[in-house]
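Below is one structure; the comments refer to it alone.
The values are calculated or read from the model by the stated rules, or taken from the named source; none is laboratory data. Just so it is clear, the model here is predicted, and its values are computed rather than measured. Cβ: placed from backbone, ideal geometry, glycine included. Neighbour counts: every protein chain shown. Protein only, heavy atoms only, side chains kept; ligands, DNA and RNA dropped before computing areas. Shrake-Rupley method; radii C 1.70, N 1.55, O 1.52, S 1.80 Å.
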Amino acid sequence: MNINKVEEGIFKVLMKASTLLVLASLFLIIYSILRKGLPSLSWAMVTQTPKGGFFLGKGGGILNAIVGSLYLAGGSTILGLFISLPVALYLNIYRTKTSRFANFTRLCLDVLWGIPSIVYGAFGFAIMLLVGLKASLLAGIFTLTLMVIPIMIRAMDEVIMTVPKGLIDASYSLGATRFETSLKVVSKQVLPGILTAILISFGRSIGDAASVLFTSGFTDRIPTSLMQPAANLPLAIFFQLSTPIPEVQDRAYASALVLTLIILIISILSRIATKKFTKHKV
Amino acid sequence: MKKATEIFIPLMTDVCAEGNICVEGLNVHYGDRHALKDINITLPAKKITAIIGPSGCGKTTLLKCFNRLIDSIDGTKVTGKVMLNGEDIFDPHADVINIRKKMGLLSQRPYPLPMSIFDNVAYGPRIHGTRKKSELNQIVEYYLKEASLWDEVKDRLYTPASGLSIGQQQRLCLARGLAVKPEIILGDEPTSALDPISSAHIEEKFVEFKNKYTIVMVTHILRQAIRIADYIIFMYLGEIIEHGPAEQVLEHPKDKRTSDYIKGIIS
Ligand SMILES: Nc1ncnc2c1ncn2[C@@H]1O[C@H](COP(=O)(O)OP(=O)(O)O)[C@@H](O)[C@H]1O
Ligand SMILES: [Mg+2]
């Protein structure tokens, strides 16, 4: 047997083992959430707001947190998209790839990406105090938007960079402006990448507790305006888990299950959307 | 009847006849690489001019000057003039969009836009203001026929252009370019990625178009140049070494570098 074969064999085993490890930990997480959460997951859990006391109560459900989370994550993702897409296009289309300004911007975004979310929370809180805004859905959305913008921009930036120069030149050679080229050609070409960016941001903002802790507050009601506080799932899980009452703790796992399901649904939807939108890609 | 040599306007005239592309003292630097060195040449209207030369000699760069795609490359410095219909293409006040509208481009490999076949051809007319669906239908049909693609795609106009074969894609790019009503067609080795039959299609189109459009084509296939070109420009290391009517350059080259290239010594 030659040495190359042995080497290859070892690497194959290693790669298989690490893949298995990843899959196993995923299934272990899902299993433990299911085992503890499924028994307490009831129709009432997902259709009612908390009853019989505060949100830690045994009755009612976590609809407040589900709706609050969807509002917060949805709002910040949409707002983030409108800010991020132009920036990502600007970095690539209006600035040449080797532009120092563009690279400096990328560096700043990477630093922002790495800042822990509690810092965004603290920053958002400081701004709120400054402008006299109370803990509310609006403040939560703003803070989360700040947090997801760097993620979105860099995710889009990476895919826009891969657009062939020849494609952009083809559009220019037909007399299109940079704006038309960005909007009609580049955006279409990178649509799957944009969807991925949206998905990552949505996942990040729906799962974040630290940045909304001070900014959106917590309530057992469903907010009816942007100025009202909003609950969210990660904080609900945190509060439920920190009680000494076992039934309430089990409800935390049911909430985690709901959060995981939401993320699963979003992933599947974005897969489907990506398939649908890639048909024109060249 | 005029002899071919007479149509090739002498370099020193200060008037550039309508339709001709007159390059005067053109220099292009990419950073500190001197890619085009003092180019002076007139490309005649409604003829096929082939640019030949070894790779890296500046052929693509020269084409990119004509439609000012050179603008979008970082760190380039361009000096000199390219006159077309009395205007300098590099005039800082020149309308780049208008210049590009006058020139269709076929690149080395086709780049269909990420949209349907119909939308590819309608792309140019739409951005230049044609909105009416009935009008667009006519335009798309007309130019797809011009590019001899209509029969192959008329039943799937609304399917993605990326589904076409590479040869069909190149003809789609031709139709798309023609739809903005250019005067000039620039081809940068437009057949190099194509199979022989698709290449022949494009060549036939060029010959057919020659009375309607001024065609400038870079090619690395000498036989292609012999088949279709009226004039040939031979470039070497950023300079024009020789130019003139096709037979003259190919059969009786004056410069040793030209004859070496033709014999296949330089490639
Ligand atoms: N974007 C660029 N940046 C730097 N140098 C370039 C660039 N494009 C071309 N060059 C250089 O300019 C010269 C001419 O290139 P090009 O016009 O593409 O040649 P050709 O089309 O004849 O093969 C080559 O030496 C090439 O390396
Ligand atoms: Mg080239």
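Things worth noting here:
- Enumeration of residues in the stretch B:222-267 that are closer than 15 Å to B:Pro54 by Cα, without any contact (Cβ under 8 Å) to a residue 24 or more places away in the chain and open to solvent by less than 30 Å² (accessible area, probe 1.4 Å): B:Glu242, B:Ser259, B:Asp260
- Every test in (1) under 11 Å from A:Ser69 (Cβ atoms); (2) of a type outside the set (S, T, N, Q); (3) more than 14 Å from the chain's Cα centre (by Cα) is passed by A:Ile222 save one, and that test is (1).
- Put simply, of B:Met235, B:Met217 the only residue that is within 16 Å of ligand 2 (Cβ to nearest atom), within 28 Å of A:Gly175 (Cα to Cα) and among the aliphatic types (A, V, I, L, M) is B:Met217.
- Restricting attention to the stretch B:89-105, the residues that are open to solvent by 30 Å² or more (accessible area, probe 1.4 Å) and free of Cβ contacts under 8 Å to residues at least 40 places away in the same chain add up to 8.
- Check on B:Thr79, open to solvent by less than 40 Å² (accessible area, probe 1.4 Å), of a type in the set (S, T, N, Q) and away from every other protein chain (no Cβ under 13 Å): no
- Scanning the stretch A:151-199 for residues that are within 13 Å of chain B (Cβ to nearest Cβ) and of a type in the set (Asp, Glu) yields A:Asp169, A:Glu180.
- Checked against (1) within 13 Å of chain A (Cβ to nearest Cβ); (2) within 16 Å of ligand 2 (Cβ to nearest atom), B:Leu172 passes all but condition (2).
- The set of residues in the stretch B:84-120 that are charged (D, E, K, R) and closer than 14 Å to B:Ile185 by Cβ comprises B:Arg100, B:Lys101, B:Lys102.
- Selection from the stretch B:14-60 of residues that are away from ligand 1 (no atom under 16 Å from the Cβ) and β-branched (Val, Ile, Thr): B:Val15, B:Ile21, B:Thr42, B:Ile48
- The stretch B:53-64 residues that are under 11 Å from B:Ile233 (Cβ atoms), paired with ones that are at pLDDT 95 or above and near ligand 2 (Cβ under 9 Å from one of its atoms) (beta carbon under 7 Å, 6 or more apart): B:Gly53/B:Lys59; B:Lys59/B:Val218
- Counted residues, the stretch B:53-73 - those being out of contact with any Ser or Thr (no Cβ under 6 Å at 6 or more places or on another chain), crowded, with 18+ Cβ neighbours inside 10 Å and not in a helix (DSSP H, G or I): 4
- Among the residues of the stretch B:16-51, those that are within 19 Å of B:Tyr236 (Cβ to Cβ) and touching a Lys or Arg at 6+ places or on another chain (Cβ under 8 Å) comprise B:Val23, B:Gly25, B:Leu26, B:Asn27, B:Val28, B:His29, B:Ile51.
- Test: A:Thr278 is more than 21 Å from the chain's Cα centre (by Cα), assigned to a helix (DSSP H, G or I) and hydroxyl-bearing (Ser, Thr, Tyr): yes
- Considering the stretch B:157-169, the residues that are within 14 Å of chain A (Cβ to nearest Cβ) and not hydroxyl-bearing (Ser, Thr, Tyr) include one that is most open to solvent (accessible area, probe 1.4 Å), namely B:Ile166.
- Of the residues in the stretch B:84-101, not one is within 14 Å of ligand 2 (Cβ to nearest atom) and charged (D, E, K, R).
- Out of B:Met103, B:Met115, one residue alone is out of contact with any strand residue (DSSP E or B) (no Cβ under 7 Å at 6 or more places or on another chain) and either at the interface with chain A (Cβ under 9 Å from one of its Cβ atoms) or farther than 28 Å from B:Cys65 by Cα (or both). It is B:Met115.
- Output for the stretch A:253-282, where each listed residue is crowded, with 18+ Cβ neighbours inside 10 Å and modelled with pLDDT of 90 or more: A:Tyr253, A:Ala254, A:Ser255, A:Ala256, A:Leu257, A:Val258, A:Leu259, A:Ile262
- Taken over the stretch A:59-99, the criterion of being surrounded by fewer than 18 Cβ atoms within 10 Å (Cβ to Cβ) and of a type in the set (S, T, N, Q) is satisfied by A:Thr96, A:Thr98, A:Ser99.
- Flag for B:Asn137 being more than 28 Å from B:Pro196 (Cβ to Cβ), away from chain A (no Cβ under 13 Å) and in contact (Cβ under 8 Å) with a residue 60 or more places away in the chain: no
- Looking across A:Leu195, A:Leu167, one residue alone is open to solvent by 10 Å² or more (accessible area, probe 1.4 Å) and either out of contact with any Cys (no Cβ under 8 Å at 6 or more places or on another chain) or farther than 30 Å from A:Ile115 by Cβ (or both). It is A:Leu195.
- Some residue of the stretch B:233-243 being out of contact with any Lys or Arg (no Cβ under 9 Å at 6 or more places or on another chain) and in a helix (DSSP H, G or I): no
For (1) surrounded by fewer than 16 Cβ atoms within 10 Å (Cβ to Cβ); (2) of a type in the set (D, E, K, R); (3) out of contact with any strand residue (DSSP E or B) (no Cβ under 8 Å at 6 or more places or on another chain), each residue gets a yes or a no:
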residue: B:Tyr111; (1), (2), (3): no, no, yes
residue: B:Asp155; (1), (2), (3): yes, yes, yes
residue: B:Lys181; (1), (2), (3): yes, yes, yes
residue: B:Gly187; (1), (2), (3): no, no, no
residue: B:Pro190; (1), (2), (3): no, no, no
residue: B:Asp195; (1), (2), (3): yes, yes, yes
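- Counting only residues that are within 11 Å of chain A (Cβ to nearest Cβ) and within 7 Å of ligand 1 (Cβ to nearest atom), the stretch B:61-73 holds 1 of them.
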